[in-house]
Amino acid sequence: MHYLNFKHSISIQVRFKDTDRIGHVNNANYLTYFEQGRVVYFNEVFKQHINWAKNGFVLARTELNHLLPVYLQDEIYVCTRVSKIGTKSLTIENVLLKLENKMYIECANGLGILVAMDYTTQQSIEVPGLWRTALENYEGNKL
């Protein structure tokens, strides 16, 4: 996974409460940072195409690789992309970068499997064509 293959990124503010006794960001916060990236990504890609009160996604699986520690004063970014769309699910990938000496350094990466859901019936649904098209248009390729 290389961050140059990502079209979407956001800045993340590291908060004091995110750090642990030895001064680096606690591992549990990385998934929260990825979630922030995912929410902003979906808002930008789908705009008004999803009624989030009725339909959306649930997170079914996550993977996270910690590569380098992140500290309170680090300037960090989360990159997000959808890399695959199945019948009822999609794969979303994230990279966490820190800017150091004018260079981006990969500190963590991960992926999530999201299942399309009808929240009112509590049932999985097929990924609607409109969602698939919006994702493919944003990413610039067939997924």
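The values are calculated or read from the model by the stated rules, or taken from the named source; none is laboratory data. This is a predicted model, so every value here is computed, not measured. Virtual Cβ from ideal backbone geometry, glycine too; neighbours counted across all protein chains shown.
Of the residues that make up the range 100-107, is at least one in a loop (DSSP other than H, G, I, E, B), of a type in the set (Lys, Arg) and under 27 Å from residue 142 (Cα atoms)?
The answer is no, given that none of the residues of the range 100-107 is in a loop (DSSP other than H, G, I, E, B), of a type in the set (Lys, Arg) and under 27 Å from residue 142 (Cα atoms).
Identify, please: which residue in the range 90-109 is surrounded by 15 or more Cβ atoms within 10 Å (Cβ to Cβ) and more than 20 Å from residue 43 (Cβ to Cβ) and is, among those, nearest to the chain's Cα centre (by Cα)? Of everything passing the filter in the range 90-109, 109 is nearest to the chain's Cα centre (by Cα).
Just to be sure before I move on: is residue 76 part of a strand (DSSP E or B) and of a type in the set (A, V, I, L, M) in the structure I sent? It is true that residue 76 is part of a strand (DSSP E or B) and of a type in the set (A, V, I, L, M).
At pLDDT 95 or above, small (Gly, Ala, Ser), closer than 30 Å to residue 118 by Cβ and touching a Ser or Thr at 6+ places or on another chain (Cβ under 6 Å): is that true of residue 37 in this structure?
For residue 37, the condition - at pLDDT 95 or above, small (Gly, Ala, Ser), closer than 30 Å to residue 118 by Cβ and touching a Ser or Thr at 6+ places or on another chain (Cβ under 6 Å) - is met.
Within the range 115-143, the set of residues being in contact (Cβ under 8 Å) with a residue 60 or more places away in the chain and either under 25 Å from residue 64 (Cα atoms) or part of a helix (DSSP H, G or I) (or both) comprises 116, 117, 130, 131, 134, 135, 138, 139, 143.
The rows are residues; the columns are (1) in contact with a strand residue (DSSP E or B) (Cβ under 7 Å, 6 or more places away or on another chain); (2) loosely packed, with under 13 Cβ neighbours inside 10 Å; (3) farther than 17 Å from residue 97 by Cα; (4) not basic (Lys, Arg).
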position	(1), (2), (3), (4)
16	no, yes, yes, yes
25	yes, no, no, yes
28	no, yes, no, yes
31	yes, no, no, yes
37	yes, no, no, yes
46	no, no, yes, yes
58	yes, no, yes, yes
